[in-house]
Every structure is written in structure tokens, then in C-alpha cells.
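The values are calculated or read from the model by the stated rules, or taken from the named source; none is laboratory data. Source: prediction; values computed, not measured. Methodologically, a virtual Cβ is constructed for each residue, glycine included, from the backbone with ideal geometry; neighbour enumeration extends over all protein chains shown. Quick note on the areas: whole protein, heavy atoms, side chains included, nothing else; ligands and nucleic acids left out. Shrake-Rupley method; radii C 1.70, N 1.55, O 1.52, S 1.80 Å.
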Amino acid sequence: MKKKVHFFQSVNFKIALSFILLLLIAIQIIGGYFIRELESTTINDYKQNVDSQTTQLASTIGTKLVEKNQDRTEIDASLKKTLNDFAGSETIEARIVDDKGIVRATSDLNRQGIVGKKNDYRDLNDFSAKKYAAMDQDKRVYINVMPIQSPTGDTVIGVLYVKSNIEGKYQEITGTARIFFTASLIAGAISIIVTLLIARSITQPIGEMREQALRIAKGDYTGKVQVYGKDELGQLAETFNQLSERIEEAQETMEAERNRLDSVLAHMTDGVIATDRRGKVITINEMALSLLNVKDEDVIGSSLLELLDIETDYTLRKLLEEPEEILIDLSTSPEDQMIIRVDFAMIRRESGFITGLVCVLHDVTEQEKNERERREFVSNVSHELRTPLTSMRSYIEALSEGAWENPEIAPNFLNVTLEETDRMIRMINDLLNLSRMDSGNNELQLEYVNFNELINFVLDRFDMMVESTDKNYSIQREFTKRDLWVELDTDKIIQVLDNILNNAIKYSPDGGAITCRLLETHNNVVFSVTDQGLGIPKKDLNKVFDRFYRVDKARARAQGGTGLGLAISREVIKAHNGAIWVESQEGQGSTFYISLPYEPYEEDWWE
Ligand code: ADP
């Protein structure tokens, strides 16, 4: 994330470079101008100086050259002296040539041989004035040729030649230029350092702000940018610090908001799933995970439609366009049922742009099961009532069509009608009982009862009934010796016992022994009734306690059964916090068990 800025790309370098370039340009312009001026002034001054001295010398020589009272040798000696006096350190040679072209004197010691001989410098041949610079053995020299006028000034009587060395002047200038150059270099070096320092003072705060910005991006708000001064950068640094505080506050608010949302989601009893606009899961709460039986890491990023297994019936577009509620059945087996209601809603921005979908999962298994049972129950009741009514109607029809006059069949028909009416009344009573228990209106009248006595009382009644029926059964009692005091609703428990014993007799066509056992376990009393009758097929074992469920409908109805007896029994035992169940082998008989909660020490307490 953090990229190192190359030095040559840095602001530091750019500022320093521009400063130095500016400086160099300034030095160049100033230096060039200065050196040119220096050169022209120095050289011109020098030349002028030489010129004026030469002119003066020429006039001195003019007088000496025509001296009347001296012979030629004397004149030449005097000329030589004049030239020697004249020649300074920079004079290479001063030479006098007379109007006959004879060299009269020279200041050059090495050329004294030429004196008195013909001049050998071509420059002097035409006796005209000349000034020019030239090169002599790699040296710059200045040559000045000056005609010598007679003292009267009307004739040219000779020529003066002066060759001076100006290399020295040029070297002076070069020396000065060198000093200038060195000074510029030093100035340049110093300015580089100063510029770098200045540039650093600008870029360092910027660099620090960048570091801080990077830290903020990583979520670390602890740092502060140092404020170096009150200038623009200082203000920027202050603003930056304020900004970072604001971001921190905003971040904290957001964090708190998110935590709140998370805890709301986590503690919701409904499952919640949120997706992005492509239908990929981005959030899912615990409840949704447990309802769908999936793991967080497996579903984040996966498709919602696949997760809910509805991709064949729904498209994401359809859900987005008309979010509705749907029911999905996640049942794995009839025992392990799971029905979930899913409500969809869109997540929209203020602009209306759809950013995703929220779906709320609600477990409606119980609700759906109750609803289904209610529907089945209503249809069962209607069916059960229609059957006796239809048969009654046909008997009454037969009677009204004349059968009432037939003493042979009329009483029989009336009897059947009466039996059917009784059965309907029993059924309606049973239904009312059940409905009272369902709505919780039927409170138990609990009392402590000697359970052994209660059962004996019921069984005694059945023993008495043996004589009045044609069924050949006998009741055996196998009871514990101890009296068991149980808290129960006597009437309701008698109803249950009656029902179970009635069934044992009813579904044992050949009679046989009916064994009733009473025993106690650690904190239950268990009463069981074993018959030697038809038994119940394995597949029906669990269902016999369901409302209207009968293994053999025709036979049960013929026995006058309503199919509600065991259902009522189950409700009664449930209300006592007990349990009722059956074990059976088809064709060999069944055993019905009732277990009721029991506190064994109650007996001692009574005593
Ligand atoms: P019903 O009025 O038909 O007897 P119940 O609820 O008492 O209704 O019993 C439900 C069904 O359970 C009966 O129809 C019968 O098929 C079966 N059943 C109950 N008790 C016995 C038993 N002792 N032996 C065999 N089948 C039984």
C-alpha cells in the first residue's frame, strides 16, 4: 500500500532542481555579462594606455631623430636609451625605423644586430599608422605602428613600432572569471543545501500527513500530525487532525450501530439473511443458520436461491420485483418436520437503487401442523357423524314406508336407530371432552387417592359385568403390596381405566385372561393391562392414540367405538404429566401402560 517515492520524483528534488536551474541561469547571465564587460574594459584601457604612451614617445623621438648637433651614433644611443626607458615589463619590442627604412634602435636585446640595417618588418614599409592584436608564439600581443612626425609636423621622418604583451591582461581576466566561477559553484552548493532544507520543511509535514492518512485507513486513530507552524501547512495539519477526530467519532458511532444491529440479529427468534444485489449472502444470523442447518463459512457468498433450494421455482428478479412470502418445507422425514415461512423485502438506497434483499425466516412447523390437524379433524368429525346419520336415515325411511307396521322388523329397526343415536351422543360427548381439554378449560380436580383401591374398584365393576356379557374373560390382578397414594383427578382416571379395559375386552373376540399389573418405579406408578386379543400391527402402534384412528374401521364401528377413547386417555394422562403407551404383537395381544408421577415418601408423611 505504501509506495516509496523515488528521490528523482520527489517534490524535494523538483524544488531543488528548479532553484538550482534558476540560480545557474542567473549566474550564467550575470557571469557572461560581467566577464565580457571586464574583458572589454581591461583590454581597451590597456590599449589606450599603450596608444597614448606610444604617441608621446613618437613625438619625443621625432625631436631626437633630427638633432642637429649630434652625430648619428650619438642619436642612436640616445634613441636606444629612450626606448629602454620606455619599455616596461609588458613591452616585447619597441623599434625605431627612419625614413630610409634603416632600423635605428630596438629595445629587444636579442635583436641589437639589426640596428643600422634595413628594417625586416613588413608592417613598417608603408609608414602608415596601424593598431592590431595578433598572436606571437601562442601569446596574444598588441602591435601599434606610429609614424614619427618631424618636429615641425609636416613630414614623416620615421616609424615607431611597439609590440606589447597583452596575454597577462587576459590571464588576469581568466583569473577573475575563475574566482567568479568558484564563487558560483560554492553559491550553488550552498543553495542546493538550503533548497533541500526548505523543500524538506515543506514535504516533511506532507509526508507525516500521508503516514497518518495511511494509519487512519488501517483504522488506527491514535496518532496526531505535528503542527510545525502557523503557515498554510500548519493549518492543513490542524485541519487534518480535526478530520481524523471526526472520522474516529463517525467510525465509533458506526461500530456501535453495527454492534447493536448484530446483537439484535443474534437474539432474534427469527432467522435473518441479507444478500447483495446479485443475491449472494452477506449476512446471516444464528437463528437462520440453525433453521437451515448450515454453517456460516459455507453460506457466506453463496446464492440465496440455492441456499433456500427454491431456484427452480423462483428467480432473483421475481423476488426483487414482487417480494412475497413463501413456505418452504425442509422436512427430512415425517417425524422430523420443518416448515419455514420466508418473507422477502428489498434493501433500497434513498435514490431508489436496489442494493440487496433481506429475508426473514420464521419457523411455522407447529402452526402448519396444527392447521393440518385441525383440517383433518373437521373432515373426520363430519365423516364420522355422516355415517350413523346415513344408516339411521335409511332405517327411518324404511319404517316410514310401511315397515313400522311389520312387528317382525320394526322393533329391530328402531333398536338400530337407537344404538346409532347413542353412539352419536357418545361421540359428541367425547368431542366436547376433547375440545374442553384442548382449550385448557378442563381443570383437573386433583386429590390424593389410594391408587390400588381405585383400580380395584374399577376392576370389581368389570368382574361383575362378566356375567351380563357373552364374552368369556377373566381378570387377573398382580399388584404391589404397598399402597400407592397418587395425586390425580379420580373421575378422569376412571374414564381412562374404563376405556383401556373396555378395549381389552372389545378387541379380544375369544375372551381370555386380562392381566392388570400395578407396580412402582423410582418416582412413577405404572399400571398395565395385557390382553390376549387381536393385537395391533406394528405400523399402527403409534397411531392408535390419534383422534378417530382405528386399526380396523368396520370392526371398531361394529363394536360401537368412536375412535376417540384413546385420544381422550392420552390427553388426560398428559394433563397429569404422565405417559401412556402400548406394546403389542399382532394376533397375540396387547399391553397398554399408564405411568403417573409419584412421590414414594408421601405415604410415610400421611402416617
Ligand atoms: P375405539 O372407540 O374405536 O375403540 P379407541 O381410541 O379406544 O377407539 O381405540 C383406537 C383403536 O385402537 C381401536 O379402534 C382399535 O383398532 C385399537 N385398539 C385399542 N385397544 C386395543 C386392544 N386392546 N387390542 C387391539 N386393538 C386395540
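Where both bridge residues fall in the stretch 458-607, DSSP classifies roughly 75% of the beta bridges as antiparallel.
What's the ranking of 472-483, 104-115 by average number of surrounding C-beta atoms within 10 Å, highest first?
Answer by packing, highest mean first, reads 104-115, 472-483.
Per-residue ellipticity at 222 nm for the chain, helices alone: DSSP H runs ≥ 4 residues times -39500 (n - 2.57), over residue total, nearest 500 deg cm²/dmol?
Values: 15 runs with 300 residues, N = 607.
It comes out at -17000 deg cm²/dmol, rounded to the nearest 500.
Of SER569, THR480, SER303, which is farthest on the positive side of the dipole of the chain, counting Cα position, with +1 on Lys and Arg Cβ, -1 on Asp and Glu Cβ, and the Cα centre as origin? Highest projection toward the positive end goes to SER303.
In the full protein context, the stretch 200-251 carries 67 Å² of accessible surface per residue, based on a 1.4 Å probe and ignoring ligands, DNA and RNA. Within the chain, helices built from complete DSSP H runs that reach 24 Å or longer along their own axis (Cα positions) and carry a mean Kyte-Doolittle hydropathy of -1.0 or higher are 11-65, 167-217, 232-267, 410-438, 451-468. About its Cα centre, the stretch 483-607 has a charge dipole of approximately 1160 debye under the convention of +1 per Lys or Arg Cβ and -1 per Asp or Glu Cβ, with nothing else charged.
When the solvent-accessible area of the stretch 1-73 is split by element, carbon and sulfur atoms take up 62 percent of it, the probe being 1.4 Å. Projection of the Cα convex hull of the chain, averaged over all directions and equal to a quarter of that hull's surface, yields 66.7 nm².
Inter-part distance, the stretch 202-281 to the stretch 50-109, computed on C-alpha centroids, equals 99 Å. Distant-in-sequence amide contacts of ILE157, defined by a placed amide H-H separation under 5 Å and a gap of 5 or more residues or a different chain, comprise ILE148, GLN149, SER150. For the stretch 531-545, the residues whose amide N sits under 20 Å from a probe point set 7 Å from the Cα of ASP510 along the beta carbon direction are 531-538.
I need the calculated FRET efficiency for the pair ARG72 and ASP136, taking r as the beta carbon distance and R₀ as 30 Å, to the nearest 0.05. After rounding to 0.05, the efficiency reads 0.45.
Ranked by the mean number of other Cβ atoms within 10 Å per residue, highest first, peptides 141-147, 47-53 order as 141-147, 47-53.
Of all lysines in the structure, the ones whose alpha carbon falls short of 18 Å from that of LYS471, not counting any fewer than 8 places away in one chain, are LYS506. Report, in whole Å, the centroid distance computed from the Cα atoms of the stretch 118-137 and the stretch 138-176. Taking the Cα centre of each part, the stretch 118-137 and the stretch 138-176 sit 10 Å apart. Think of the chain as having a plus end and a minus end, set by charges on the Cβ of Lys, Arg, Asp and Glu; of SER333, VAL525, PRO509, SER333 sits farthest toward the positive end of this dipole. For the stretch 195-299, the calculated P(r), taken from all Cα-Cα distances in 5 Å bins from zero up to the bin holding the longest distance, is 2, 11, 14, 13, 10, 9, 8, 8, 7, 7, 5, 3, 1, 0, 0 percent. A dipole drawn for the stretch 1-134 from +1 and -1 charges on Cβ atoms has a positive end, and of PHE34, GLY113, ALA94 the residue lying farthest that way is PHE34.
Structure note, pairs LYS47/LYS118; LYS100/LYS139; LYS64/LYS118; LYS47/LYS117; LYS369/LYS538: Cα-Cα distances above 26 angstrom occur for LYS47/LYS118; LYS100/LYS139; LYS47/LYS117.
Note on the chain: with charges restricted to the Cβ of Lys and Arg (+1) and Asp and Glu (-1), its dipole about the Cα centre is near 6620 debye. Peptides 249-256, 96-103, 305-312, 576-583 ranked from most to least packed give 96-103, 576-583, 305-312, 249-256, packing being the mean of other C-beta atoms within 10 angstrom over each peptide's residues. Structural size metrics of the stretch 263-318, computed from C-alpha coordinates, are Rg and Dmax of 11.2, 34 Å. As a length-normalised measure over Cα pairs under 8 Å and 6 or more apart, the relative contact order of the chain settles at 7 percent. For LYS14, no aspartates and glutamates have a Cα falling under 13 Å of its own Cα, not counting residues fewer than eight places away in the same chain. Per atom type, the stretch 197-353 shows carbon and sulfur on 51% of its accessible surface, probed at 1.4 Å.
Of all DSSP beta bridges in the chain, what percent run antiparallel (nearest 5)?
On the way: 74 of 81 bridges.
Just about 90 percent of them are antiparallel.
Note that the stretch 281-292 has calculated 3J(HN,Hα) couplings of 5, 10, 9, 8, 8, 4, 4, 5, 4, 6, 5, 8 Hz, one per residue in order, obtained from phi through the Karplus relation 6.51 cos²θ - 1.76 cosθ + 1.60 (θ = phi - 60°); glycine and proline are x.
Backbone phi angles across the stretch 107-122, fed through the Karplus curve with coefficients 6.51, -1.76 and 1.60 (θ = phi - 60°), yield HN-Hα couplings of 7, 6, 5, 6, 10, 4, x, 7, 4, x, 10, 5, 4, 10, 9, 5 Hz in residue order; Gly and Pro are listed as x.
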